[in-house]
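Everything below concerns the one structure shown next.
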Amino acid sequence: MKLTHYILSILATGLFFSCTPKIDPIFDDTSANRIAEEIETVQEILLSSPNGWLMEYYPSSTQSYGGFNVLLNFQPGYRVTVASETAGADKTAVSTYTLKQSAGCVLSFDTYNEILHFFSDPSNSQGMGDGYGLEGDFEFTILQADEQIIRLKGKKSGSYMTMTPMSAALKWSDYLKDIKLKDKEFSEYYRLLYQDEEQAFETRLIGHTLCIYRKKGEETITDYQPFIITLTGCKFYQPYNWAIMSSKA
C-alpha cells in the first residue's frame, strides 16, 4: 500500500513538471547589458560628427521664447564644447556630460556650462526672471539616434528638439554670425500682414515667437507660433497650416 502511494506521488510530481509551461526569455541578453550597449551606441553616434551637432533648442514647456541655435561638439572622455547664438559668435564653453538610463537613454549635461545652462539657470534675469529664467533643460531623453538626426525631449519642459550634424564646411563662429545677422534682419519686420483670397491676418514678432491675430466674429483670437532662425529665414516649432487657420476664422 505504501509502495502504491509512493509511485503515485512520483507520477503526480512528474505530471506537474511536465505540464508547467516553459517560459522563453524575450531578450537574448540581460537588461544591464542591453542598457550598456545602448549607451555605447549613442556615445558612438555623438562622436561621429567631426564638426559637432546643430541643436534646435526650445526652452519652456510652452516654447514661449521660441528656439535657439546651439552647437555641440562631443569628445572622448565625455567632454563637450558648446556655442550658441545667445553668446558671442566666437565664444565657447567646455564642460562634461553623461549618458544614463532613466526610462530611456538620457543625455545629461552634468557640470555647469555657462552657454548651455543659460537656458536652464533659474537665476537668469531673462524670461520669467529670478527663480525661473527661461525654464529650459539640461537633461534630455533620447527618442531617436542615428548619424543623420538625434531627436530629444526635455525631461523638465517636455519640449521636443533635434540635433543634426554640423557641416564640416561651416566654421562655428561664421555660422553664428550669419544667424545673428539673419535674426537682426528678421526682427525689423516686427509687424507683418498675411493675405489670402478670403481675408488678412496681422502678425507681430515677440522675440522668436510669431503672434498671429485673426478675427472670429467680434472676437480677436491670437495664435502663438514659436520658431527658430535659420540661414534661409525661420522654421516653426511645428508646421503651421494657414489654410486651416483661415477656415477657423
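The values are calculated or read from the model by the stated rules, or taken from the named source; none is laboratory data. Values in this document were obtained by computation on a predicted structure and should not be read as measured data. Cβ coordinates were reconstructed from backbone atoms using ideal geometry, including for glycine residues, and neighbour counts include every protein chain displayed. Side chains included, ligands, DNA and RNA excluded: accessible areas come from the protein's heavy atoms. Shrake-Rupley method; radii C 1.70, N 1.55, O 1.52, S 1.80 Å.
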Checklist outcome for this item: Label model pair L47, Q75: point-to-point distance (7 angstrom along the Cα→beta-carbon line) in nm is 1.3
Checklist outcome for this item: Carbon/sulfur accessible area of region 160-249, % of total, 1.4 Å probe, equals 52
Item to check | Segment D90-K156, length gained on full extension (0.36 nm per residue, minus Cα span) | outcome: 20.8 nm
Next on the checklist: I need the phi-derived Karplus couplings for region 36-41: 6.51 cos²θ - 1.76 cosθ + 1.60, θ = phi - 60°, integer Hz, Gly and Pro marked x.
Outcome noted: 4, 5, 5, 4, 5, 5
Item to check | Whole-number accessible area per residue in Å² for region 34-162, which is evaluated in the context of all protein chains at 1.4 Å | outcome: 43
Item to check | Radius 11 Å from Cβ of L152, net charge of other residues (Lys, Arg +1; Asp, Glu -1) | outcome: 0
Item to check | Counted charge near P50, where neighbours are those whose Cβ lies closer than 15 Å (Asp, Glu -1; Lys, Arg +1) | outcome: -1
Next on the checklist: At R0 = 22 Å, how high is the FRET efficiency between Y112 and T230 if r is their beta carbon distance? Nearest 0.05 is fine.
Outcome noted: 0.15
Checklist outcome for this item: Of 135-148, 56-69, 168-181, ordering from highest average Cβ density within 10 Å down gives 56-69, 135-148, 168-181
Checklist entry - T86: net charge of surrounding residues, Cβ under 13 Å, Lys/Arg +1, Asp/Glu -1, itself excluded? => result -2
Checklist entry - Got a sec to turn the phi values of region 179-196 into Karplus ³J(HN,Hα) couplings, 6.51 cos²θ - 1.76 cosθ + 1.60 with θ = phi - 60°, whole Hz, x for Gly and Pro? => result 5, 5, 5, 5, 5, 5, 4, 5, 5, 5, 9, 6, 10, 10, 10, 9, 10, 10
Checklist entry - For region 118-124, in order, what is each residue's ³J(HN,Hα) by Karplus, 6.51 cos²θ - 1.76 cosθ + 1.60 with θ = phi - 60°, in whole Hz (x at glycine and Pro)? => result 4, 7, 10, 6, x, 8, 5
Item to check | Within the accessible area of region 53-142 (1.4 Å probe), percent carbon and sulfur | outcome: 51
Next on the checklist: List residues of region 36-55, by number, whose backbone nitrogen lies under 20 Å from a label position 7 Å along Cα→C-beta of Q148.
Outcome noted: 41-55
Item to check | Sites D130 and T62, calculated FRET efficiency, Cβ-Cβ separation with R0 22 Å, nearest 0.05 | outcome: 0.65
Item to check | Simple label model, 7 Å out from Cα along Cβ direction - Y190 to I221, nm | outcome: 2.7
Next on the checklist: Using 30 Å as the Cα-Cα cut-off, could you pick out the over-long pairs in K155/K215; K91/K182; K153/K235; K182/K216?
Outcome noted: K155/K215; K182/K216
